[in-house]
Amino acid sequence: LPKTTVSPGGALIAGNWKMHKLSSEAVETLRQLQSCLAEAGPLPAGDVLICPPFTALWALRASLDPSGPLGLAAQDVHWQDQGAYTGEVSAPMLVDAGCRAVLIGHSERRAQAGETDSQVAAKTNAALDAGLMPIICVGETLEQRQAGETDLTLKAQVKAVVDGLADQHRSAELVLAYEPVWAIGTGQAAVGADALAAAATIRATLPPQLAAKARVLYGGSVKATNVAEFMRHPQIAGVLVGGASLEGREFGRLVISGLKAKSR
Ligand code: PGA
């Protein structure tokens, strides 16, 4: 059977390419990633997701083994399956294009596209309805952190998702990515202790049936050289990577280091 969803529980590393790469460039980057991983020999188990722009999904799909650990995720999704929503892409369309997962509520979308907590919740339901693993991004801004509002912010963002979950998804498997906004694209990653504290807050905000299955990722200036600092903790299932996922071999080294840290 083709693998359409992300394996439950295990390590998860996702590379968000944001608005980068034509489809030919995307295919070349994937090829470099694949050869880097192949050269490393057998690796500890874990899912590795690439989140390219929508336009590169179909081209990448042709180069991926549907039952392999390397898969596709989208960067956003609309909450309706179809309709008069110019410029939007629905969850069934993402499944059609070969996606296993989708990022929801990335801070760039919250800040630049005005995405709200209730839209994030609606998108989460839409992803789950279609069988896509939602990777829900939460995190505080620098101002919120300096005001001592990190926990408050995380709780509000997570609670909005929990409260908005449709009945049939109340014990779904969720992935929550803790992405402090001040650490994204700045080269200034959080330290492992920050990520652990946020993971604990996120987990404590989830009802037990969700907390039992949820995975927490860390994102924000993750590189091959610091990925182990996050992934060595059992409370952190993996990482969401931006800039360091754009170059295939560099991302490959990050994946190898992260999966090895997780299995230690
Ligand atoms: P970065 O981006 O790794 O370039 O900091 C992370 C993200 O936006 O998910």
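The values are calculated or read from the model by the stated rules, or taken from the named source; none is laboratory data. All of these numbers come straight from a predicted model, not from anything done at the bench. Cβ atoms come from the backbone with ideal geometry, glycine included; neighbour counts cover every protein chain shown. To get the accessible areas, we keep the full protein, side chains included, count just its heavy atoms, and leave off ligands, DNA and RNA. Shrake-Rupley method; radii C 1.70, N 1.55, O 1.52, S 1.80 Å.
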Looking only at region 115-137, decide whether some residue is within 16 Å of the ligand (Cβ to nearest atom), free of Cβ contacts under 8 Å to residues at least 12 places away in the same chain and either open to solvent by less than 40 Å² (accessible area, probe 1.4 Å) or part of a helix (DSSP H, G or I) (or both).
yes
If you go through LEU103, LEU94, the only one that is within 24 Å of ALA166 (Cβ to Cβ), in contact with a strand residue (DSSP E or B) (Cβ under 7 Å, 6 or more places away or on another chain), within 16 Å of the ligand (Cβ to nearest atom) and outside any loop (DSSP other than H, G, I, E, B) is LEU103
Restricting the first residue to region 8-34 and requiring it to be over 18 Å from LEU259 (Cβ atoms), which pairs with a second residue that is hydrophobic (A, V, I, L, M, F, W, C) and surrounded by fewer than 16 Cβ atoms within 10 Å (Cβ to Cβ) meet a Cβ separation below 9 Å and a spacing of at least six or different chains?
SER23/TRP58; VAL27/ALA62
Somewhere in region 140-148, is a residue in contact with a strand residue (DSSP E or B) (Cβ under 8 Å, 6 or more places away or on another chain) and surrounded by 15 or more Cβ atoms within 10 Å (Cβ to Cβ)?
no
What's the number of the condition CYS99 fails, among (1) free of Cβ contacts under 8 Å to residues at least 12 places away in the same chain; (2) closer than 25 Å to GLY68 by Cβ?
(1)
Expected single match for surrounded by 15 or more Cβ atoms within 10 Å (Cβ to Cβ) and under 14 Å from ALA11 (Cβ atoms) among VAL162, VAL181, VAL239 is VAL239
Given (1) in a helix (DSSP H, G or I); (2) of a type outside the set (Asp, Glu); (3) open to solvent by less than 80 Å² (accessible area, probe 1.4 Å), where does ILE50 come up short, assuming only one miss?
(1)
When you look at ALA59, is it outside any loop (DSSP other than H, G, I, E, B), without any contact (Cβ under 8 Å) to a residue 40 or more places away in the chain and more than 23 Å from ILE136 (Cα to Cα), yes or no?
yes
